[in-house]
Amino acid sequence: MGLYSYFCTMIKKIIALLLFVGTLPMTAQEKDHNLEVAKNLDIFNAIYKHLDMVYVDTLDAKEVIGNSINAMLRSLDPYTVYYPEEKVSELKTMITGKYAGIGSIIRWNSQIGNSVIEEPYEGMPAAEVGLKKGDIILSIDGESMEGKDNAYVSDHLRGDAGSTFELKIRRPTTGKVMKLKITRRAIQMPAVPYYGIRPEGIGYINLSQFTEDCAKQVRRAFIEMKRKGIKGLVLDLRGNGGGSELEAVNIVNMFVPKGITIASNRGKIKRVNHDYKTTVEPIDTVMPIVVLVNGNTASSSEITSGSLQDLDRAVILGTRTYGKGLAQISLDLPYNGQLKLTTNKYYIPSGRCIQAINYKHARGGYMEHVPDSLTRVFHTRNGREVRDGGGIMPDVEVAADSLPNIAYYLAAARDSNEVLLNYEVDYIAKHPTVAAPSEFALSDADYDEFKKRVIDSGFTYDRESEKYVKELEKLAKFEGYYDDAKPEFDALKNKLNHNVAKDLDYNKESIRQIIESDLMTAYYYQRGSIENSLRYDKQMKEAVKIILDPERYHRLLRPAKP
């Protein structure tokens, strides 16, 4: 049965069901709603039938109806998504963190117009066969990958676990072309890419995603460090976009007693409602904990941080979180498709929902942020005030250092200038080994070499100050002030003259940290990059200070005195 025939059959079934429901006792409002549903489905069916029969070109039913479905879902919220059969694997990867491939990030090299290896994962096939940062992907099983975009190359690197293919690469530092036999494996991104005990005796766990069994990884890491006598724990959820709600509850359960309701899911259909409670005895209910969060901390990360805040079990530090208080389920669809569907809002222990955006379905759909003035006050277990409707507000606000504009452009490699990547690839070739992540630092001589390369490459970038001056110039001309102020504008532009060498010196520390982080990823994988970056992390430093100051830690968990 074709897609169009199937669609028509489903329409008829829905209409028949609505007609049957219409024979049961219901309110006038329900009757009007069901009539509108049946009427609009009938209209849609008729329009597509006419298009299919009469339209000047032959329609691709999969594309046209697929676009209709996606347009309908986009009018709701960004988390309700249709996955046709060929994209179901994307949903499974999102939920489980698993896929079959070589285990490496690839990136587009704008200078050569080709995909290259960016970051092999530790212990995965890419690392095991010796692939390195910067290796140029030439072909896969004899098919040229030169000039193909990242999505195309990635699709060909993935496949069934156990399947073997030939990868041809060119190593840029030597020009040598190599053919490698690689066997794909089931790859799971590490949920805990790094944990360890800091010099001050504080345990640190970086949790990057809430995939299946991530709570077990957190549990093992914490127990190991607890046995070594840590004084406190920093749980890093910065940049963690969430995932499994159950895993979040299991992590909270490590630190709070059994039988506490952590998340209450409430929606239109009562049978879909669910309360998540802690079900086992905790590991530790007294050790000081600081949770690091930022604007990309979302969903299950907010359940974890928000619940620990509501229960006064941890100090939350960083910046306001994203504010995703909606929960989804996955439903099977005909022809092996899946629908990820928003069914509930979730509420954390204080009773608040932290959803920051209202998705309006009238007038074609739009969204609005909940203003702080309309948020409501709730209370933690100790009586501290917390609010709904805008993510989790940290107990201690500490903003991260912002990325200098020049650093952004160096990393983005615009205008076909890959000076940062080329420097790092050459550095790796010249240095077979380097110091441990906790000790490694780029020397002044190394940075001077990088600076020279940047200048010699003709690197340029758009400075924010220059943009603002141009905008101010336009405004002055529009309002008639420019002629009188022209000497001042000229003087200002001279002072803001593009000087890459000066900018590289002024932003030396920030740029050096980026290079160090990239190099540590190449030598010690993701764990090395995280460990190295903690030396400069002012949010981490503040978290350690709080844990080492018991009086301040406990004061933060008590209500403010009137």
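Residue-wise test of (1) more than 30 Å from GLY134 (Cβ to Cβ); (2) open to solvent by 40 Å² or more (accessible area, probe 1.4 Å).
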| position | (1), (2) |
| --- | --- |
| GLU473 | yes, no |
| ASP484 | yes, yes |
| ILE511 | no, no |
| LEU534 | no, no |
> So TYR525 fits all but one of (1) surrounded by 13 or more Cβ atoms within 10 Å (Cβ to Cβ); (2) assigned to a helix (DSSP H, G or I); (3) on the phi < 0 side of the Ramachandran plot; what number is the exception?
Replying inline: (3)
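Is it true that ILE283 is touching a helix residue (DSSP H, G or I) at 6+ places or on another chain (Cβ under 7 Å), open to solvent by 20 Å² or more (accessible area, probe 1.4 Å) and more than 17 Å from ARG381 (Cα to Cα)?
Working: touching a helix residue (DSSP H, G or I) at 6+ places or on another chain (Cβ under 7 Å): yes; open to solvent by 20 Å² or more (accessible area, probe 1.4 Å): yes; more than 17 Å from ARG381 (Cα to Cα): yes.
Considered against the rule, which asks whether it is touching a helix residue (DSSP H, G or I) at 6+ places or on another chain (Cβ under 7 Å), open to solvent by 20 Å² or more (accessible area, probe 1.4 Å) and more than 17 Å from ARG381 (Cα to Cα), ILE283 comes out as yes.
If a residue must be among the hydroxyl-bearing types (Ser, Thr, Tyr), under 17 Å from GLY134 (Cβ atoms) and open to solvent by less than 50 Å² (accessible area, probe 1.4 Å), how many such residues does segment 424-466 contain?
As a first pass, look at segment 424-466 and keep what is among the hydroxyl-bearing types (Ser, Thr, Tyr): 427, 433, 438, 443, 447, 457, 460-461, 465.
So of that shortlist, the ones also under 17 Å from GLY134 (Cβ atoms) come out as 427, 457.
Subset that is open to solvent by less than 50 Å² (accessible area, probe 1.4 Å): 427.
Number satisfying all stated conditions: 1.
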>> For segment 291-304, check the following and say yes or no: at least one residue is over 20 Å from ILE202 (Cβ atoms), touching an Asp or Glu at 6+ places or on another chain (Cβ under 6 Å), open to solvent by less than 50 Å² (accessible area, probe 1.4 Å) and in contact (Cβ under 8 Å) with a residue 12 or more places away in the chain.
In response: yes
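What's the total number of residues in segment 327-349 that are touching a Cys at 6+ places or on another chain (Cβ under 6 Å) and of a type in the set (Gly, Ala, Ser)?
Going residue by residue through segment 327-349, those that are touching a Cys at 6+ places or on another chain (Cβ under 6 Å) are 345, 347.
Imposing the further condition that a residue be of a type in the set (Gly, Ala, Ser) reduces the set to none.
Residues flagged as touching a Cys at 6+ places or on another chain (Cβ under 6 Å) and of a type in the set (Gly, Ala, Ser) within segment 327-349 amount to 0.
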> Can you name the number of the only condition in (1) at pLDDT 90 or above; (2) farther than 30 Å from ALA298 by Cβ; (3) part of a helix (DSSP H, G or I); (4) open to solvent by 50 Å² or more (accessible area, probe 1.4 Å) that ASN67 fails?
Replying inline: (2)
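Counting only residues that are outside any helix (DSSP H, G or I) and at pLDDT below 80, how many does segment 457-466 have? Step through it out loud before you land on a result.
Taking segment 457-466 first, the residues outside any helix (DSSP H, G or I) are 457-463.
Going one step further and asking which of them are at pLDDT below 80, we end up with 462-463.
Number satisfying all stated conditions: 2.
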> Out of segment 344-369, which residues are open to solvent by 30 Å² or more (accessible area, probe 1.4 Å), at pLDDT 90 or above and not aromatic (Phe, Trp, Tyr)?
Replying inline: LYS345, PRO349, GLY351
> Could you say whether any residue in segment 404-414 is among the charged types (D, E, K, R), open to solvent by 10 Å² or more (accessible area, probe 1.4 Å), under 30 Å from PRO559 (Cβ atoms) and out of contact with any strand residue (DSSP E or B) (no Cβ under 8 Å at 6 or more places or on another chain)?
Replying inline: no
> Considering only segment 470-514, how many residues are at pLDDT below 80, farther than 30 Å from LEU442 by Cβ and not in a helix (DSSP H, G or I)?
Replying inline: 1
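What residue, of VAL286, VAL290, VAL256, VAL280, is aliphatic (A, V, I, L, M), assigned to a strand (DSSP E or B) and more than 13 Å from TYR346 (Cβ to Cβ)? Can you show your working first?
On the way: VAL286 fails: assigned to a strand (DSSP E or B); VAL256 fails: assigned to a strand (DSSP E or B); VAL280 fails: assigned to a strand (DSSP E or B).
VAL290 is the lone residue from the list that is aliphatic (A, V, I, L, M), assigned to a strand (DSSP E or B) and more than 13 Å from TYR346 (Cβ to Cβ).
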> Is it fair to say GLU118 is within 29 Å of the chain's Cα centre (by Cα) and surrounded by 14 or more Cβ atoms within 10 Å (Cβ to Cβ)?
Replying inline: yes
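Yes or no, residue by residue, for (1) part of a helix (DSSP H, G or I); (2) over 30 Å from GLY528 (Cβ atoms); (3) without any contact (Cβ under 8 Å) to a residue 60 or more places away in the chain:
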{"residue": "TYR447", "(1), (2), (3)": "yes, no, no"}
{"residue": "LYS451", "(1), (2), (3)": "yes, no, yes"}
{"residue": "ILE455", "(1), (2), (3)": "yes, no, yes"}
{"residue": "TYR468", "(1), (2), (3)": "yes, yes, yes"}
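Check ASP518, ASP484, ASP456 and return the single one that is more than 34 Å from the chain's Cα centre (by Cα) and either within 17 Å of LEU421 (Cα to Cα) or β-branched (Val, Ile, Thr) (or both).
On the way: ASP518 fails: more than 34 Å from the chain's Cα centre (by Cα); ASP484 fails: either within 17 Å of LEU421 (Cα to Cα) or β-branched (Val, Ile, Thr) (or both).
Only one candidate passes the filter, namely ASP456.
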>> Any residue in segment 118-131 that is without any contact (Cβ under 8 Å) to a residue 40 or more places away in the chain sitting within a Cβ distance under 8 Å of a residue that is open to solvent by 30 Å² or more (accessible area, probe 1.4 Å)? List the pairs, counting only those 6 or more apart or interchain.
In response: GLU118/ILE105; GLU118/ARG107
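The values are calculated or read from the model by the stated rules, or taken from the named source; none is laboratory data. Every value quoted in this text rests on a predicted model; they were computed, and no experiment measured them. Cβ coordinates were reconstructed from backbone atoms using ideal geometry, including for glycine residues, and neighbour counts include every protein chain displayed. Ligands, DNA and RNA are stripped out before the accessible areas are found, and what is left, the full protein with its side chains, is counted by its heavy atoms. Shrake-Rupley method; radii C 1.70, N 1.55, O 1.52, S 1.80 Å.
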